[in-house]
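The values are calculated or read from the model by the stated rules, or taken from the named source; none is laboratory data. Everything numeric in this text was worked out from a predicted model, so none of it was measured. Positions of Cβ are generated from backbone atoms using ideal geometry, with glycine treated the same way; all protein chains shown enter the neighbour counts.
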Amino acid sequence: MAVGDVLKADLKKGLNISGPSGGSNAPASRQVKCGHVSKNVTIVDQVSRSSCAVTSPGMAHGMTVTAATDGNCYWLPWGSWKAYYGRLGANCDYFLTANLTGCAFFVSGPATAPTVVHANCSAAEVVDYVDVRKRENGPVDVAASMKVYNDNLDAARLQYYGQVAGQMVEGNFIPSANLQMLLPSDYGAKISEGYAQPTSVFGKKNGANWEFFYNVGKSGGAQALTRMLYPRFEKL
């Protein structure tokens, strides 16, 4: 199966994407907040040209696409407390980045040469789990405790990613025009309905312009929702 047959706007199966790990080419460091704790984010310019292939076209729980080296797509890696970014050109027809499991993805600039960012906030490292009790000195309300914890995770990530995007714009790493951000609260909007994993982002050329989509799998990827991210953002 050709890659173009998988990376479609109406993809109904979960898309699992993998590829090479990121390096530390030309890093810059910026201190931002995550969960009221100051952390340094390392900003790395590293979009690479790769080959992408459908490695599991018939898997029961969705499709698997793998990026390798020196080929026909752009690949953007991820790293803990890092923001990998780069500008796309006209040399490739497809774009891939690693699956999102709490990370954020930004895209901005002109559709002919957009700038992309894969940013990570490992919020679980800095957000504490606190027991919520049904009454004073009573039993722990597990459901309420998890809701508070998840709300605090979302708040920490929102704070962090907003500051990362702002500092990358101020530092001229990315343009401010046409900025779209895909946050965990966006791709987790239907988690109560089972749409949670895998979550992936892919881009494809439409004539001279780039379009980006996000795909959120259900029940391990047997079903999925695919929505446009750029140039216009569509909610789940």
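Structural remarks
- Qualifying residue in the range 93-111 (condition: among the hydroxyl-bearing types (Ser, Thr, Tyr), in a loop (DSSP other than H, G, I, E, B) and under 21 Å from Asp186 (Cβ atoms)): yes
- Scanning the range 155-198 for residues that are under 24 Å from Met228 (Cα atoms), among the aliphatic types (A, V, I, L, M) and assigned to a helix (DSSP H, G or I) turns up Leu158, Val164, Ala165, Met168, Val169, Ile191.
- Check on Leu183, of a type in the set (A, V, I, L, M, F, W, C) and under 29 Å from Met63 (Cβ atoms): yes
- Matching residues in the range 4-29 - criterion: being within 19 Å of the chain's Cα centre (by Cα), of a type in the set (A, V, I, L, M) and either surrounded by fewer than 13 Cβ atoms within 10 Å (Cβ to Cβ) or part of a strand (DSSP E or B) (or both): Leu15, Ile17
- Which numbered condition Asn152 fails, given (1) assigned to a loop (DSSP other than H, G, I, E, B); (2) farther than 21 Å from Phe233 by Cα; (3) touching an Asp or Glu at 6+ places or on another chain (Cβ under 9 Å); (4) touching a residue at least 40 places away in the same chain (Cβ under 8 Å): (1)
- Sole exception among (1) polar (S, T, N, Q); (2) assigned to a strand (DSSP E or B); (3) out of contact with any Gly (no Cβ under 8 Å at 6 or more places or on another chain); (4) surrounded by 15 or more Cβ atoms within 10 Å (Cβ to Cβ) for Thr42, by number: (3)
- Filtering the range 115-149 to residues that are among the hydroxyl-bearing types (Ser, Thr, Tyr) and either in contact with an Asp or Glu (Cβ under 8 Å, 6 or more places away or on another chain) or part of a helix (DSSP H, G or I) (or both) leaves Ser145, Tyr149.
- All of Arg232, Arg227, Arg133 fail the test of being loosely packed, with under 15 Cβ neighbours inside 10 Å, modelled with pLDDT of 90 or more and either within 20 Å of Phe105 (Cβ to Cβ) or in contact with a strand residue (DSSP E or B) (Cβ under 9 Å, 6 or more places away or on another chain) (or both), apart from Arg232.
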